[in-house]
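Quick notes on the structure that follows.
Laboratory data are not the source of any read-out in this text; all were calculated from the coordinates shown. As the structure is a computational prediction, the values presented were derived from the model and not from experiment. Glycine also receives a Cβ, built like all others from the backbone with ideal geometry; neighbour counts cover every protein chain displayed.
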């Protein structure tokens, strides 16, 4: 298995990067949709519900799963990750936090769908910064290997 993963490493890494880009785009955009949804109210409620569910189900969920699958394939590729260093642990913790945030957004989408949203636009604006902070930690962990 290790030899196979080493042989396809450039492909796996490429697909991992592409899926991360798609996932991050959704993680940046969905909270922004929530800002507008919370502030615009009933006038465009149906439109926002459709946009939110399609973004989550058609783009974000598949991209998150692909990110995890290709990321784990990279982890199991011999010679790629040295668990004796700090960077894989900071990256792993940040990816887990990003996954939690993804699911938190999914719960907020369900709140909007049933008319139970209790958060305002300001709160969603603040939460919109979470993926940026996690992305910074992940990229620095992988590239700088701190």
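Assuming a ≥ b ≥ c are the square roots of the Cα gyration tensor eigenvalues, decide whether the stretch 1-62 counts as rounded (a/c under 1.5), prolate (otherwise, with a/b larger than b/c) or oblate. Walk me through the numbers before you get to the answer.
Details: a/c = 6.24, a/b = 3.80, b/c = 1.64.
Prolate, because a/c is 1.5 or more and a/b exceeds b/c.
Which log10 I(q)/I(0) values, to two decimals, does the stretch 60-106 give at q = 0.25, 0.29 Å⁻¹ under the Debye formula with one point per Cα? At q = 0.25, 0.29 Å⁻¹ the computed log10 ratios are -0.97, -1.11.
Any chance you could tell me what percent of the C-alpha pair distances in the chain go past 26 Å?
Working: 3441 of 10585 pairs.
In whole percent, the share of Cα-Cα pairs in the chain beyond 26 Å is 33.
Between residue 116 and residue 81, the modelled labels are 3.5 nm apart [label points 7 Å from Cα along Cα→Cβ].
Listed from fewest to most Cβ neighbours within 10 Å, the set 20, 81 follows the order 81, 20. Result for the chain in a Gaussian network model with C-alpha springs under 10 Å: among 23, 104, 83, the largest mean-square fluctuation is at 83.
Computed from the Cβ-Cβ distance with R0 of 22 Å, the FRET efficiency linking residue 142 to residue 59 stands at 0.45.
Note on the chain: with a GNM built from Cα contacts shorter than 10 Å, the maximum mean-square fluctuation among 115, 106, 84 falls on 84. Rounded to the nearest 10 degrees, the inclination of helix 45-54 to the longest alpha-carbon principal axis of the chain is 10 degrees.
Which whole-number percentage describes the relative contact order of the stretch 2-143, with Cα contacts under 8 Å and a sequence gap of 6 or more? Write out the running numbers ahead of the final one.
Values: 120 pairs, mean separation 55.5, N = 142.
Rounded, it is 39 percent for the stretch 2-143.
Could you list 136, 59 so that the one with the fewest beta carbons within 10 Å of its beta carbon is first and the one with the most is last?
The fewest-first ordering by Cβ neighbours comes to 136, 59.
In this structure, residue 107 and residue 69 have a Cβ-Cβ separation that, at R0 = 22 Å, corresponds to a calculated FRET efficiency of about 0.40. The spacing between the stretch 18-43 and the stretch 123-139, judged by their C-alpha centroids, is 13 Å. Working from Cα positions, state the angle (0 to 90°, nearest 10) between the long axis of helix 87-113 and the longest principal axis of the chain. Roughly 20 degrees, rounded to the nearest 10.
Starting from the Cα gyration tensor of the stretch 67-146, take the square roots of the eigenvalues, sort them a ≥ b ≥ c, and report rounded, prolate or oblate (rounded when a/c is under 1.5, otherwise prolate if a/b is larger than b/c, else oblate). In terms of gyration-tensor shape, prolate.
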